[in-house]
Number of protein chains: 2
Amino acid sequence: MGGLSMNRREPVPPELYASLQDASRKLSTQTVFFHQAVAKSLGLNITDHKCLNIVLEMGRATAGQLAELTGLTTGAITSVINRLEKAGFVRRAKDPNDLRVVYVEPIPSNLQPLQDVFAPLGKAMAELYSRYSADELRLILDYLERSAHILARQTERLKG
Amino acid sequence: MGGLSMNRREPVPPELYASLQDASRKLSTQTVFFHQAVAKSLGLNITDHKCLNIVLEMGRATAGQLAELTGLTTGAITSVINRLEKAGFVRRAKDPNDLRVVYVEPIPSNLQPLQDVFAPLGKAMAELYSRYSADELRLILDYLERSAHILARQTERLKG
């Protein structure tokens, strides 16, 4: 970033680092609990829900892609897909160009419950954003993107 | 916050909100995947790991407190405590002032694997913090605390 601070040379008080670590840990714990509560309210477990998110982000995904992105075995992914299909959120579809390839794709008309669950969070986050200026939001975005990148690398390391 | 921005009146570009939502979602997904990878590397599942974190944060906790904080049934919490005890991270101990009350408490000498798993993340986060000024870090802290609070309330709502 840079350019935002008016007082870059102020030394960072050690207790600020401690507060940041504490806040990060709390946000992380709350994130996990929230996703567990979301999954439960949709009749899914947290892994099913995360795989559904991947399918939604990618538009469609193969079982192999889901296994790679989550670190789960293809056997475990098969169970995940079965549960998501049973819940009505996704369907299996063959690639018209290669009938050996099976994709998992969302069923858009069945995704309303998912949107209903997340709508109040989106509203609360929009209110939170409104507290900050454009420059402040750019700083927050920078921090969020870099944190996500760090976590992705740490996850890779653990899967080793 | 306030006071940080030099240009509070600049309208926030709509694509900045979209980027923030996208970054929040990605960070959230990476957080869940990271915690699953941590739990797996410790021989635990993600719920066991989160309960262990609660015990560490509180110093000690009863099964009832863990059930309340996680939204799990006391039956499910009993299984969690059994696994944590078997893995050597916690022990059950009676309250000397009321022998009917059983607390779960960490076994500090057995927590080294937990510290080893998180140390590289702590190092990477410390490097990230070093990119920002004290004022910028205070803004980030404000955002993290408010986000955690929002998620906690949303989780409460879902558990309804």
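The values are calculated or read from the model by the stated rules, or taken from the named source; none is laboratory data. Remember, it's a predicted structure, so these values are computed and weren't measured experimentally. For neighbour counting, all protein chains shown are included, and Cβ atoms are generated from backbone atoms with ideal geometry for every residue, glycine included. The protein model used for the area step is the full one, side chains on, heavy atoms only, and it has no ligands, DNA or RNA in it. Shrake-Rupley method; radii C 1.70, N 1.55, O 1.52, S 1.80 Å.
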Under Karplus coefficients 6.51, -1.76 and 1.60, residue-wise ³J(HN,Hα) of the stretch B:39-48 in Hz, glycine/proline x:
4, 4, 5, 9, x, 10, 9, 5, 5, 3
Tell me the accessible surface of B:Arg60 in square angstrom (1.4 angstrom probe, heavy atoms of protein chains only), to the nearest ten.
90 Å²
Once phi for every residue in the stretch B:149-160 is put through the Karplus expression 6.51 cos²θ - 1.76 cosθ + 1.60 (θ = phi - 60°), the whole-Hz ³J(HN,Hα) values, with Gly and Pro written as x, are 5, 4, 4, 4, 5, 5, 5, 4, 4, 5, 6, x
Label spacing, shortest first and in nm, from B:Gln112 to its equivalents in the remaining copies (7 angstrom along Cα→Cβ)
5.7
Taking H as built 1.01 Å from N, whose amide H comes closer than 5 Å to the amide H of A:Thr62, not counting residues under 5 places away?
A:Val104
Taking the label point 7 Å from Cα in the Cβ direction, how far apart in nm is B:Ala126 from each other copy of itself, listed shortest first?
4.1
Which residue in chain A puts its Cβ closest to the axis that rotates chain A onto chain B, and at what distance in whole Å?
A:Thr31, 2
Prolate/oblate/rounded call for the protein assembly as shown, Cα gyration tensor, a/c under 1.5 rounded:
oblate
Taking a point 7 Å out from Cα toward Cβ as the label site, list the nm distances between A:Arg92 and the same residue in every other copy, smallest first.
4.4
Can you list residues from other chains, or at least 5 along the same chain, whose modelled amide H is less than 5 Å from the amide H of B:Val101?
B:Asp95
HN-Hα J couplings of the stretch A:59-68 from phi, Karplus 6.51/-1.76/1.60, θ = phi - 60°, integer Hz, Gly and Pro as x?
x, 6, 8, 7, 4, x, 5, 4, 4, 5
Show the residues, 5+ positions off or on another chain, whose built amide H is closer than 5 Å to the amide H of A:Val90.
A:Glu85, A:Ile107
From the protein chains alone at 1.4 Å, what is the descending order of accessible area for B:Thr73, A:Thr70, largest first?
B:Thr73, A:Thr70
